[in-house]
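Q: Can you read through this structure? Questions will come right after.
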Amino acid sequence: MTPPSPREIAHWVLGIAILFGSERLGSLIGTALALPVPGAVVGMLLLLIGLMIYGGVPRGLAKVSAQLLFLLPLLFLPAATGVFFLRNLTLSDWLALLAAILFGTLISLTLCTLLLRHLLKKTDTAHSHDQ
């Protein structure tokens, strides 16, 4: 395994700086304006707007994001562990919890499918115009 080049390290650092900067800026704006949403959500919207203006995803941000997505399942471990402490819930509580999980998952999958379909159509249209 070869060590990363200084250029690759710079890409990684830039990607981390973009993510951290977006989160911090979102938190500052959310606090300053007393917004009813978390600062991280505001930062995510700022990042989205910035990427739309830029016209793509910088290489470093793509690399860092790919690694974070790879490690995302680790974030679910505390939640899964927390379920262990929910032993005293009644049957109706469990049914409500399961319904919320089921419907939340179905809505998320549906929205992701619709977004993917839309983006694939956009990509196919762009490729057909290039040829």
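Readers should treat all values here as calculations from the given coordinates under stated rules, not as data from a laboratory. Since the model is a prediction, treat every value here as computed from it, not as a measurement. Note that we place each Cβ from the backbone using ideal geometry, even for glycine, and neighbour counts take in every protein chain shown.
Q: Is it fair to say GLY55 is surrounded by 10 or more Cβ atoms within 10 Å (Cβ to Cβ) and under 26 Å from GLY21 (Cβ atoms)?
A: Here the answer is no, as GLY55 does not meet what is asked.
Q: While we're here: Report the residue count in segment 1-48 for those that are surrounded by 11 or more Cβ atoms within 10 Å (Cβ to Cβ), among the aliphatic types (A, V, I, L, M) and closer than 22 Å to GLN67 by Cα.
A: The total comes to 15.
Q: Checking SER92 against (1) within 15 Å of the chain's Cα centre (by Cα); (2) exposed (fewer than 10 other Cβ atoms within 10 Å of the Cβ), only one condition comes out false. Which one?
A: Only one criterion is unmet by SER92, namely (1).
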